[in-house]
Amino acid sequence: MPRFRTILDTMPAYKPGKAVTTPDGRSYKLSSNESPYDPLPSVVEAIAEGARQINRYPDPGAIKLTEAIAERFGVPFGHIALGAGSVTVAQQLFETVGEPGAEVVYAWRSFEAYPLLADLSGVTSVRVPLVEENHDLDAMAEAITPATRMVFVCNPNNPTGTAIRERELVAFLDRVPQDVLVVLDEAYREYVRDESVPDGLTLYRDRPNVCVLRTFSKAYGLAGLRVGYLVGHEPVAEAVRKTIIPFAVNHLAQIAAIASLKAEDELLERVDTVVKERTRVRETLIAQGWTVPPTEANFVWLRTGERTMEFAAACAVEGVAVRPFAGEGARISIGDPEANDAFLAAAASFAE
Ligand SMILES: *Cc1c(COP(=O)(O)O)cnc(C)c1O
């Protein structure tokens with residue numbers, strides 16, 4: 001037998017959201033927080049055009065895309081680092097701090113990639129339990145030790161959808177030592193409507209130890225192409241750029257992301273529709289008797305506890321795939337109205 005790293009024996013596998021289909025062909029994938037919309041014609045056209053160049057390697061520096069992001073968000077070019085999805089950028093961040101003895105603090109439950117990436121990079125995970133489905137920032141600040149290199153703050157939090165307000169987040173950032181990197185994972189930023197939830201791109205500016213992760217996978221509808229980025233001060237962005245596998249962000253992903261920024265108004269209109277559906281789904285669930293934490297993301301969270309797998313199975317019977325976390329709860333993405341209705345019907349019969 002070849003010898004592998006011992007950590008591989010204890011690492012849980014990443015469980016991607018699955019699709020389910022009923023015998024009569026109904027299938028609603030509400031398990032991966034994707035955009036329910038087909039890609040925009042203008043984006044598909046740009047990809048088709050870009051396909052003519054795929055015998056060549058992509059631009060390793062992704063210059064045009066980086067320029068487009070810099071211009072769109074008003075941040076310096078040198079503050080941006082790209083990756084093949086923001087999960088990969090997160091992995092690159094772990095690579096920049098990961099060595100035995102280093103600690104990384106994050107809330108739990110939160111994005112399930114964090115523990116995997118932590119294990120892979122050799123750092124020790126310090127998980128701070130959520131309180132009322134939200135980050136316990138006081139406890140997180142207290143969990144920071146001289147060994148802490150990085151803190152992840154997922155805002156809004158996946159899978160609970162809850163968001164941290166500006167006052168609390170700023171107070172937390174003020175407590176974090178300057179040599180600890182704070183990563184604000186804002187994969188769902190475009191869905192935030194609560195104005196007291198801060199924009200990381202504002203918060204990071206006068207804080208050299210704060211950076212922001214954003215992605216084209218969710219609101220921009222490019223999950224299948226894999227492109228995300230970090231915005232942080234030069235030393236942080238540079239460290240992340242050093243850890244990228246050459247040519248990681250492929251040519252079509254670069255082109256599609258640029259086209260998506262151009263078509264942003266159209267995409268953000270779609271986001272508005274999802275947000276309206278989110279309100280409808282949450283209110284309907286509450287009327288059915290469920291407890292649903294307020295959500296600023298494109299999903300809702302139900303703490304189904306011991307009945308979680310049973311709940312997911314009941315949804316699957318109706319063709320609805322949700323994302324269950326056994327013994328804890330289920331995350332359900334907001335889809336198109338038909339998918340949401342199918343889910344709400346399943347939830348109603350389960351609640352009875
Ligand atoms: C979906 C998600 C991401 C983005 O993943 P990509 O790799 O960009 O597709 C990052 N962070 C969180 C919390 C997410 O839920």
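Some points to look at:
- log10 of Debye I(q)/I(0), alpha-carbon scatterers only, for the stretch 26-82 at 0.12, 0.20, 0.26, 0.27 Å⁻¹: -0.50, -0.98, -1.01, -1.02
- Net lengthening on full extension, residue 306/residue 349 (0.36 nm per residue, minus Cα-Cα): 13.7 nm
- Looking at the chain alone, DSSP beta bridges between its own residues are antiparallel in about 45 percent of cases.
- Packing-based ranking, highest mean first, of 228-240, 82-94 given that Cβ atoms within 10 Å are counted: 82-94, 228-240
- Rounded, prolate or oblate (a/c below 1.5 giving rounded, otherwise prolate when a/b exceeds b/c) for the stretch 75-167 by Cα gyration tensor: oblate
- Area projected by the alpha carbon convex hull of the chain, averaged over all directions, nm²: 19.2 nm²
- Distance from the stretch 326-340 to the stretch 224-261 (C-alpha centre basis), Å: 29 Å
- Accessible surface calculations at 1.4 Å, restricted to protein heavy atoms, place the chain at 46 Å² per residue.
- Accessible carbon and sulfur surface of the chain relative to its total accessible area, %, 1.4 Å: 54 percent
- Each residue of the stretch 5-12 was assigned a 3J(HN,Hα) from its phi angle through the Karplus expression (A = 6.51, B = -1.76, C = 1.60, θ = phi - 60°), giving 5, 4, 4, 5, 5, 9, 6, x Hz with x at Gly and Pro.
- In order along the stretch 337-345, the Karplus-derived 3J(HN,Hα) couplings, from 6.51 cos²θ - 1.76 cosθ + 1.60 at θ = phi - 60°, round to x, 5, 5, 5, 5, 4, 5, 4, 5 Hz, and Gly and Pro are given as x.
- Viscosity 1.002 mPa s, 20 °C: Kirkwood-radius Stokes-Einstein D of the stretch 197-274 over Cα pairs, µm²/s: 153 µm²/s
- The stretch 294-342, Rg to Rh (Cα coordinates; Rh as Kirkwood inverse mean 1/r): 0.97
- Rounded, prolate or oblate (a/c below 1.5 giving rounded, otherwise prolate when a/b exceeds b/c) for the stretch 29-129 by Cα gyration tensor: prolate
- Distance from the alpha carbon centroid of the stretch 127-166 to that of the stretch 43-103 works out to 26 angstrom.
- Averaging over all projection directions, the Cα-based convex hull of the stretch 46-204 occupies 10.9 nm² in the image plane.
- Estimated FRET transfer efficiency when R0 is 51 angstrom, pair residue 145-residue 22 (beta carbons, to 0.05): 0.50
- Convex hull of alpha carbon positions in the stretch 207-321: directionally averaged projected area 10.8 nm².
- Sequence ranges 294-302, 216-224, 66-74, ranked by mean other-Cβ count within 10 angstrom, highest first: 294-302, 216-224, 66-74
- The chain, relative contact order in percent, only Cα pairs under 8 angstrom and at least six apart counted: 25 percent
- Listed by chain and number, the lysines whose alpha-carbon sits under 27 Å from that of residue 18, ignoring those within fewer than 8 places in the same chain, are 29, 218, 276.
- Per-pair calculated FRET efficiency, R0 = 30 Å: residue 245 and residue 286 via Cβ, rounded to 0.05: 0.10
- A simple packing score, the average count of other Cβ atoms within 10 Å per residue, orders the peptides 41-47, 111-117, 323-329 as 111-117, 323-329, 41-47, with the highest score first.
- ³J(HN,Hα) computed for each position of the stretch 110-121 - Karplus, 6.51 cos²θ - 1.76 cosθ + 1.60, integer Hz, glycine/proline x: 9, 4, 6, 6, 4, x, 5, 5, 4, 4, 4, 8
The values are calculated or read from the model by the stated rules, or taken from the named source; none is laboratory data. Model, not experiment: these values are computed from the prediction. Glycine gets a Cβ as well: all are built from the backbone with ideal geometry, and neighbour counts include every protein chain shown. Quick note on the areas: whole protein, heavy atoms, side chains included, nothing else; ligands and nucleic acids left out. Shrake-Rupley method; radii C 1.70, N 1.55, O 1.52, S 1.80 Å.
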